[in-house]
Amino acid sequence: MSLDVSPQLLAEAENGTVREEDFVETVRTSLPYAYGLVAGLAAELRAGTLEFADNQTPPPSEKERGQLLRALSSDAIRGSLERHFGVALAFQNCHRVAVFPPEARGCETHTRFTSTRAQILNQSPEFRDC
């Protein structure tokens with residue numbers, strides 16, 4: 001799963017400056033499922049009173065799962081999404097993504113969500129090939 005980089009963005013990168021807004025737009029158009037999922041969770045977090053918002057619904061197909069894995073496995077993409085939406089992302093398995101307020105990193109709920117215990121408890125045989 002690769003990003004669909006425009007000639008203009010490639011030229012910017014070759015010249016040493018890339019506007020984050022341009023990069024985020026490339027992520028949005030290249031990985032629409034992942035972008036939309038993070039956008040929805042960020043909106044849910046802002047609208048609610050919960051400590052975090054998370055997704056527990058598997059992607060509709062392997063294409064969408066690939067987009068999600070691509071977005072969250074890239075430091076550049078993940079960091080840009082976090083800055084763009086003003087959240088801290090956490091990821092447990094092939095689809096359980098959570099958004100926290102950035103200041104929640106290292107707090108009890110974030111630490112519990114990202115712990116090895118939580119990772120083990122969030123496993124099931126269906127996730128072996130995801």
How about the range 1-92: which helices (runs of 4 or more DSSP H) wholly inside it have at least 2 residues that are over 24 Å from Glu103 (Cβ atoms) and of a type in the set (Lys, Arg)?
62-73
Pull up the range 107-130, narrow it to residues that are open to solvent by 60 Å² or more (accessible area, probe 1.4 Å) and outside any helix (DSSP H, G or I), then point me to the one that is modelled with the highest pLDDT.
Cys107
Pairs needed: first member in the range 67-79, free of Cβ contacts under 8 Å to residues at least 60 places away in the same chain and of a type in the set (Lys, Arg); second member anywhere, part of a helix (DSSP H, G or I) and open to solvent by 10 Å² or more (accessible area, probe 1.4 Å); C-beta distance under 8 Å; at least 6 residues apart or different chains.
Arg78/Leu72
I want to confirm something. Restricting to the range 20-52 and keeping residues that are of a type in the set (S, T, N, Q) and open to solvent by 70 Å² or more (accessible area, probe 1.4 Å), which single residue is nearest to the chain's Cα centre (by Cα)?
Thr29
Starting from the range 40-54, keep only residues that are on the phi < 0 side of the Ramachandran plot, then list their pairs with residues that are polar (S, T, N, Q) whose Cβ atoms are within a distance under 6 Å, requiring at least 6 positions of separation or different chains.
Glu51/Thr109
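The values are calculated or read from the model by the stated rules, or taken from the named source; none is laboratory data. None of these values were measured; they are calculated from a predicted model. Please note: Cβ atoms are built from the backbone with ideal geometry, for glycine as well, and neighbour counts cover all protein chains shown. Accessible surface areas use protein heavy atoms only, side chains included; no ligands, DNA or RNA. Shrake-Rupley method; radii C 1.70, N 1.55, O 1.52, S 1.80 Å.
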